[in-house]
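Structure first, commentary second.
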Amino acid sequence: DQQVKQNSPSLSVQEGRISILNCDYTNSMFDYFLWYKKYPAEGPTFLISISSIKDKNEDGRFTVFLNKSAKHLSLHIVPSQPGDSAVYFCAASVISNTGKLIFGQGTTLQVKP
Amino acid sequence: DTAVSQTPKYLVTQMGNDKSIKCEQNLGHDTMYWYKQDSKKFLKIMFSYNNKELIINETVPNRFSPKSPDKAHLNLHINSLELGDSAVYFCASSQDGLIPEAFFGQGTRLTVV
């Protein structure tokens with residue numbers, strides 16, 4: 001049972017344009033969401049997070065939007081840069097002492113110069 | 001200085017062998033994890049340790065045994081390796097279980113032949 005889904009395996013955008021990566025979840029108990037970026041042969045790198053008490057969080061070029069009623073979150077990257085090309089993982093958590101993260105299957109973003 | 005380091009990066013071994021993967025973090029975090037990324041690229045939690053105490057054991061076969069000698073180290077020992085154990089194993093740490101932002105190591109690609 002996949003509780004976190006990223007339905008687009010890949011996305012290609014032009015440099016300078018907006019990249020929008022989407023993520024859906026099924027477990028209404030999730031109260032914290034994160035985005036990770038992963039380059040080949042490296043570990044995932046934390047990008048940005050959002051608590052369920054918010055609907056938006058912004059950090060530089062990265063903005064995460066949360067729609068709890070739709071159980072949907074998205075990551076916006078503006079403007080996209082070639083160095084953003086990587087696999088992006090959405091993750092969800094129920095805040096507890098375990099720190100357990102449930103990951104989506106990832107979306108490969110290619111930013112073309 | 002690498003924040004979360006794991007060794008080795010690559011491990012090729014025969015079925016039936018026993019192997020260990022080591023992990024160390026220098027972030028002063030209390031919680032450490034092992035995640036497994038399978039051939040379909042799903043990242044799934046295996047174990048979570050908080051201050052050397054096992055918090056999560058996610059239906060992992062008994063052949064997998066984590067060991068935490070201190071809160072900066074979490075090693076993974078695997079007995080009687082099977083072909084299906086081939087995967088990339090990631091160590092991670094977070095400040096504590098209540099703060100889910102985890103920092104990942106570079107991963108260990110285990111290939112069982």
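Heavy-atom accessible area, probed at 1.4 angstrom with all protein chains present, ranks A:Thr98, A:Thr107 as A:Thr98, A:Thr107, highest first.
DSSP assigns beta bridges within the stretch B:4-112; of those with both partners inside it, close to 90 percent run antiparallel. Here the spin labels are modelled as points 7 Å beyond Cα on the Cα-Cβ line, and at B:Ser5 and B:Asp96 they lie 2.8 nm apart. Counting every pair of alpha carbons in chain A, the share spaced more than 20 Å apart comes to 36 percent. Ligands, DNA and RNA left out, the accessible area of chain A computed with a 1.4 Å probe is 50% carbon and sulfur.
At q = 0.21 Å⁻¹, what log₁₀ I(q)/I(0) does chain B have when each alpha carbon counts as one equal point scatterer in the Debye sum? Summing over Cα pairs of chain B leads to -1.12.
Kindly list the residues of the stretch A:89-113 that lie in the label zone of A:Glu15, defined by a backbone N under 13 Å from the point 7 Å along the Cα-to-C-beta vector. The answer is A:111-113, whose backbone nitrogens lie closer than 13 Å to the label point. I'd like the distance between the alpha-carbon centres of the stretch A:53-113 and the stretch B:19-91, rounded to an integer number of Å. Each part reduced to its Cα centre gives a spacing of 25 Å.
Relative to the current alpha-carbon distance between B:Lys41 and B:Met15, full extension at 0.36 nm per residue lengthens the span by 7.1 nm.
Working from the alpha-carbon coordinates of the protein assembly as shown, get Rg over Rh, Rh being the Kirkwood radius. The partial results should precede the final answer.
On the way: Rg = 17.5 Å, Rh = 18.0 Å.
With Rh from the inverse mean 1/r over Cα pairs, Rg/Rh is 0.97.
Exposed loop sites, defined as GluC sites (Glu not before Pro) outside DSSP H, G, I, E and B with at most 14 other Cβ atoms within 10 Å, are absent from the longest region of chain B, namely B:1-57.
Solvent exposure of chain B amounts to 49 Å² per residue of accessible area, where only protein heavy atoms count and the probe is 1.4 Å. Here is the interface size for B with A: some 1900 Å² of accessible area buried, both sides summed, with a 1.4 Å probe.
The values are calculated or read from the model by the stated rules, or taken from the named source; none is laboratory data. Every value quoted in this text rests on a predicted model; they were computed, and no experiment measured them. Here the Cβ is made from the backbone with ideal geometry for all residues, glycine too, and neighbour counts use every protein chain on show. Keep in mind that these areas ignore ligands, DNA and RNA; they rest on the heavy atoms of the full protein, side chains included. Shrake-Rupley method; radii C 1.70, N 1.55, O 1.52, S 1.80 Å.
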